[in-house]
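The values are calculated or read from the model by the stated rules, or taken from the named source; none is laboratory data. None of the values given here were measured: they were computed from a predicted structure. All Cβ positions, even for glycine, are placed from backbone atoms using ideal geometry, and neighbour counts span all protein chains on display.
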């Protein structure tokens with residue numbers, strides 16, 4: 001089983017798939033745009049939200065695993081130690097007793113609260129912002145290096161989301177073929193991130209058991225069930241609406 005964050009990402013992706021299936025049902029033979037750009041633009045926004053939510057949740061999941069397995073803050077990655085230390089130093093002017101918040105397991109609460117605050121500020125999950133966040137809290141130099149796609153490809157997709165968010169229907173049309181490519185790239189990136197983080201956690205200490213399993217690389221299934229049966233069922237239902245029951249003769 002993959003990470004909990006991955007499972008939630010997969011569940012959230014159902015909304016994206018539903019939008020594409022709706023597009024296919026309304027335009028089964030792919031006859032041009034047919035004024036359905038709102039579906040693909042909505043799918044872009046939802047897919048970006050799925051990515052952002054995953055990258056936030058899996059960071060907190062990793063932090064929980066570390067704090068449940070490490071005996072003291074000195075066992076954290078050096079970058080994470082510096083992040084906590086910088087926070088405490090910044091509070092010394094106003095709270096001279098701030099270092100006491102690290103006593104016993106206070107460092108666990110401080111560490112997690114800092115990470116939660118960081119994820120809440122992540123409104124544009126481009127590669128640069130993601131890399132900085134994972135470097136500060138997990139000591140990973142460049143998380144984006146584990147991806148098959150380039151950092152620029154992710155950034156371009158997030159830029160499309162931003163264009164839609166700011167301009168609505170005036171944003172450029174998103175073809176369904178382009179949308180399917182976005183899904184494939186983000187889905188693959190999530191799998192690669194999940195596997196890399198698993199390897200990173202297990203490499204910190206020998207006594208940390210694998211918190212989840214590796215996920216094999218595979219394509220995301222855009223179709224749900226058997227289309228033939230679904231279409232026949234939908235046709236029967238529409239026929240029932242169009243053909244009211246005949247009144248019985250007296």
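Please go through the stretch 1-18 and give me each residue that is within 13 Å of residue 211 (Cα to Cα) and either modelled with pLDDT under 95 or not in a helix (DSSP H, G or I) (or both), ordered by number. Talk me through it step by step, then tell me what you get.
Initially, the stretch 1-18 is screened for residues within 13 Å of residue 211 (Cα to Cα), giving 1-6.
Result: 1, 2, 3.
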Q.
Quick check on the stretch 89-125: of everything there that is surrounded by 13 or more Cβ atoms within 10 Å (Cβ to Cβ) and farther than 26 Å from residue 57 by Cβ, which residue is modelled with the highest pLDDT?
A. 91
Q) Which of the residues that make up the stretch 51-84 are over 19 Å from residue 119 (Cβ atoms) and buried (at least 16 other Cβ atoms within 10 Å of the Cβ)? A) 70, 73, 81
Q. Would you pick out the residues in the stretch 126-155 that are on the phi < 0 side of the Ramachandran plot, surrounded by 16 or more Cβ atoms within 10 Å (Cβ to Cβ) and assigned to a loop (DSSP other than H, G, I, E, B)?
A. 126, 140, 147, 149
Q. Quick one: in the stretch 156-178, which of the residues that are outside any helix (DSSP H, G or I) and surrounded by 15 or more Cβ atoms within 10 Å (Cβ to Cβ) is nearest to the chain's Cα centre (by Cα)?
A. 174
